[in-house]
């Protein structure tokens with residue numbers, strides 16, 4: 001038996017176990033198709049499209065007959081939000097040393113990174129870990145709301161300086177991503 005064949009067989013055996021772990025079969029959590037979950041969680045076309053896009057990015061089976069625990073969709077949305085936060089945090093950090101910006105703008109970026117992004121990212125990351133390691137929903141909606149408020153503080157700092165560029169656009173996307181995680185978490189019935 002070749003190495004490729006052995007790896008293929010191992011993946012075939014492990015795939016159901018990995019999918020079950022990703023689905024987090026928590027007691028009382030509804031099972032829905034991805035499209036149905038996105039439809040229920042989305043109050044706007046923008047969030048619905050982001051939800052569908054996120055599920056596709058995480059290679060969720062979009063077939064109408066496929067159902068997963070809503071927890072899996074929340075985990076995907078939280079991970080996407082956390083990854084987006086990290087990218088924006090790096091981009092904002094790069095602006096702190098940008099000497100072409102005013103001192104006020106660099107201070108605003110410093111506050112965005114230290115006071116807003118890092119705490120919000122850690123909070124979302126902690127909740128993501130709690131969901132992955134068990135069915136711990138405690139603090140999930142609060143973490144999402146806290147993340148949104150942090151983003152709004154950062155956005156407001158930059159708006160007060162009439163500053164808008166790619167980082168500002170990234171902040172708006174981050175808010176949409178955490179809003180999606182929050183909306184999906186409401187489907188958990190917590």
Note to self: Looking only at the stretch 86-119, count every residue that is touching a helix residue (DSSP H, G or I) at 6+ places or on another chain (Cβ under 8 Å) and assigned to a helix (DSSP H, G or I) and tell me the total.
What the structure shows: 22
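Could you tell me whether residue 25 is in contact with a strand residue (DSSP E or B) (Cβ under 8 Å, 6 or more places away or on another chain) and either part of a helix (DSSP H, G or I) or in contact (Cβ under 8 Å) with a residue 40 or more places away in the chain (or both)?
Details: in contact with a strand residue (DSSP E or B) (Cβ under 8 Å, 6 or more places away or on another chain): yes; either part of a helix (DSSP H, G or I) or in contact (Cβ under 8 Å) with a residue 40 or more places away in the chain (or both): yes.
Yes.
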Next item on the list: Considering every residue within the stretch 123-134, establish whether at least one is part of a helix (DSSP H, G or I), under 16 Å from the mean Cα position of the chain (by Cα), more than 19 Å from residue 80 (Cβ to Cβ) and modelled with pLDDT of 80 or more.
Entry: no
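Among 124, 151, which is touching a residue at least 40 places away in the same chain (Cβ under 8 Å) and either in contact with a helix residue (DSSP H, G or I) (Cβ under 7 Å, 6 or more places away or on another chain) or crowded, with 18+ Cβ neighbours inside 10 Å (or both)?
Details: 151 fails: touching a residue at least 40 places away in the same chain (Cβ under 8 Å).
None of the others qualify; the one that does is 124.
The values are calculated or read from the model by the stated rules, or taken from the named source; none is laboratory data. No experiment lies behind these values; they were computed from the predicted model shown. Ideal geometry is used to build each Cβ from the backbone, glycine not excepted, and the neighbour counts take in all protein chains shown.
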